[in-house]
1. Please specify each residue of segment 1-26 satisfying the condition of being over 18 Å from CYS60 (Cβ atoms) and touching a residue at least 12 places away in the same chain (Cβ under 8 Å).
2. Looking only at residues that are outside any helix (DSSP H, G or I) and surrounded by 10 or more Cβ atoms within 10 Å (Cβ to Cβ) in segment 1-41, which one is nearest to the chain's Cα centre (by Cα)?
3. Among the residues of segment 56-67, how many are buried (at least 16 other Cβ atoms within 10 Å of the Cβ) and free of Cβ contacts under 8 Å to residues at least 24 places away in the same chain?
4. So which of SER44, SER55, SER20, SER38 ends up being within 22 Å of ILE97 (Cα to Cα) and of a type in the set (Gly, Ala, Ser)?
5. Name, by its number, the condition in (1) over 21 Å from ASN15 (Cβ atoms); (2) in contact with a Ser or Thr (Cβ under 7 Å, 6 or more places away or on another chain) that does not hold for VAL64.
6. In segment 64-99, which residues are closer than 14 Å to LEU49 by Cα and among the hydrophobic types (A, V, I, L, M, F, W, C)?
7. Could you please let me know if LEU49 is outside any loop (DSSP other than H, G, I, E, B) and under 16 Å from HIS99 (Cβ atoms)?
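Values quoted throughout were computed directly from the atomic coordinates according to the rules given, and no laboratory measurement underlies them. Computed from a predicted model, the values in this text were never measured in an experiment. Quick reminder, even Gly has a Cβ in these numbers, built from the backbone with ideal geometry, and neighbours come from all protein chains shown.
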Amino acid sequence: MSLFEDFQYRRTRGNELVNSQDFLPYKRFYNLDTNAYSEGTLSSKSKELMGLACSLVLRCNDCVLYHIDKAIECGATREELNETMNIALVIGGSIVIPHLRFAVEAMEERLSRS
């Protein structure tokens, strides 16, 4: 199973469990998150690239997978992804390196199926 297939399976299952709680604050946050990445003054691609940079600095590999996938769906190129990941490395420092390795592997996997 690929990185993205495994992630998608876990994400779908997790979201189903969260949604089954029928808890309004969870629903509100999910709605806020969805709307935050919608097209606006900033493009969805720009927002997904920002999400990727933040995810690397916060060291959230599931988030990295999500934002790489969405950024590529929005038309992000390898060059744009690499520049974004470089900003995260500069901001986050050497602690980001293991997550950068993961992100580059994920990027290559995702781009190979585009």
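1. Matches in segment 1-26: SER2 only.
2. First pass over segment 1-41, keeping only residues outside any helix (DSSP H, G or I): 1-2, 20-23, 37-41.
Subsequent filtering for residues that are surrounded by 10 or more Cβ atoms within 10 Å (Cβ to Cβ) retains 2, 21, 23, 37, 39-40.
Values: SER2: 16, GLN21: 24, PHE23: 24, TYR37: 11, GLU39: 16, GLY40: 19 Å.
Going through the qualifying residues, I end up with TYR37.
3. At the first step, the residues of segment 56-67 found to be buried (at least 16 other Cβ atoms within 10 Å of the Cβ) are 56-57, 61, 63-67.
Adding the requirement that they be free of Cβ contacts under 8 Å to residues at least 24 places away in the same chain leaves 63, 67.
Going through segment 56-67 one residue at a time, the tally reaches 2.
4. Numbers: SER44 fails: within 22 Å of ILE97 (Cα to Cα); SER20 fails: within 22 Å of ILE97 (Cα to Cα); SER38 fails: within 22 Å of ILE97 (Cα to Cα).
Exactly one residue qualifies, and that residue is SER55.
5. (1)
6. Those that are closer than 14 Å to LEU49 by Cα and among the hydrophobic types (A, V, I, L, M, F, W, C): VAL64, LEU65, ILE68, ALA71, ILE72, CYS74, ALA76, LEU81, MET85, ILE87, ALA88, LEU89.
7. yes
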